[in-house]
1. How far apart, in nm, are the 7 Å Cα→Cβ label points at T150 and V211?
2. Could you list which residues have their amide H under 5 Å from that of S48, counting only those 5 or more apart in sequence or on another chain, with H placed in the peptide plane?
3. How far apart, in nm, are two points set 7 Å out from the Cα along the Cα-to-Cβ line at R180 and at T71?
4. Among all helices in the chain defined by DSSP H, which have a length of 24 Å or more along the axis from Cα atoms plus a Kyte-Doolittle mean of at least -1.0?
5. Once you have all Cα-Cα distances for the stretch 1-150, histogram them in 5 Å bins from zero and send the whole-percent values.
6. Choose one of P217, T189, C145: the residue whose Cα lies farthest towards the positive end of the charge dipole of the stretch 127-238 (beta-carbon charges +1 Lys, Arg; -1 Asp, Glu; about the Cα centre).
7. If the only charges are +1 at each Lys and Arg Cβ and -1 at each Asp and Glu Cβ, what is the size of the charge dipole of the stretch 1-137 around the Cα centre, to the nearest 20 debye?
8. What figure in square angstrom, to the nearest 10, would you give for the accessible area of F22 with a 1.4 Å probe?
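The values are calculated or read from the model by the stated rules, or taken from the named source; none is laboratory data. The structure displayed is predicted, hence computed values, not measured ones. We place every Cβ from the backbone using ideal geometry, glycine too, and count neighbours over all the protein chains shown. All accessible areas refer to the heavy atoms of the entire protein, side chains included, with ligands and DNA or RNA removed. Shrake-Rupley method; radii C 1.70, N 1.55, O 1.52, S 1.80 Å.
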Amino acid sequence: MRPPYAHGEAEPALADAGVALFVEKPLALDVPTAQQISDRIAAAGVVSRVGHHWRCAEPVRGARDLLAGRTVRQVSGYWLDKVPPVPWWTDRARSGGPLVEQAVHVLDLARVLVGEVDEVYALSAGPRQGGTTDVATSGVLRFACGAVGTVSTTCALAGKLRAGLEIVADGLVVGIGEDRLHVGDGISTRRRRFDPAIARRAADREFLDAVRGDGSPPAPLGLPDHAEALRSHRLACALATSVGTRVPEEAR
């Protein structure tokens, strides 16, 4: 696994050598670097998969079934956590910040379950003391389907409180995390817990199957290839850019 700032040289070299690639998210610090990598992978024609293993999680499959045929109205995403124990994370120039490095998991799920995002706007509470990455961010998302959403991050806690999505559709709210699924209608709520290791093992199997040449393209609820993951990376980077520009940004 490579940190965000280390992407850009190894992937094209391996692709040109005909090597299949399992790439950790995020794809890079920015969109141009990720786009260049994606173009080289496509030109080489090698198998690629990106570690958005949440797509392989049982709660996500359950949520997709529950939302089928319903109109989504509102999406709330969050990543409420501590500072990860790696020295580069508090330096935004090396990590990309929490929207790019962490919340891209949540944004990827929002795309899978709700659809593409057209426009975003985000603000930061300022840098974390002793670093340059954002201590907290909040963003607004406008989905192409007409739904509206928010995404919030913080690294001000002593540990991970929660990370995931809540999706409000007509008559239903579905909460999804890597290890949980809850469903409510405003009167009652059902909750289930899941083993997150199952999704990680499923992701490994999917990559190996692709390398062995099963011939099938990535499934919507399977690991994405680099080109598909680039769409989620572009969304995360649009939010991070809006933090700096303080104006709405196109998300694709």
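1. 4.3 nm
2. L21, H226
3. Between R180 and T71, the simple spin-label model gives 3.0 nm.
4. The answer, listed by residue number, is 196-212, 226-245.
5. Spelled out per bin, shortest first, that is 2, 9, 15, 17, 18, 17, 13, 7, 2, 0.
6. T189
7. 380 debye
8. 90 Å²
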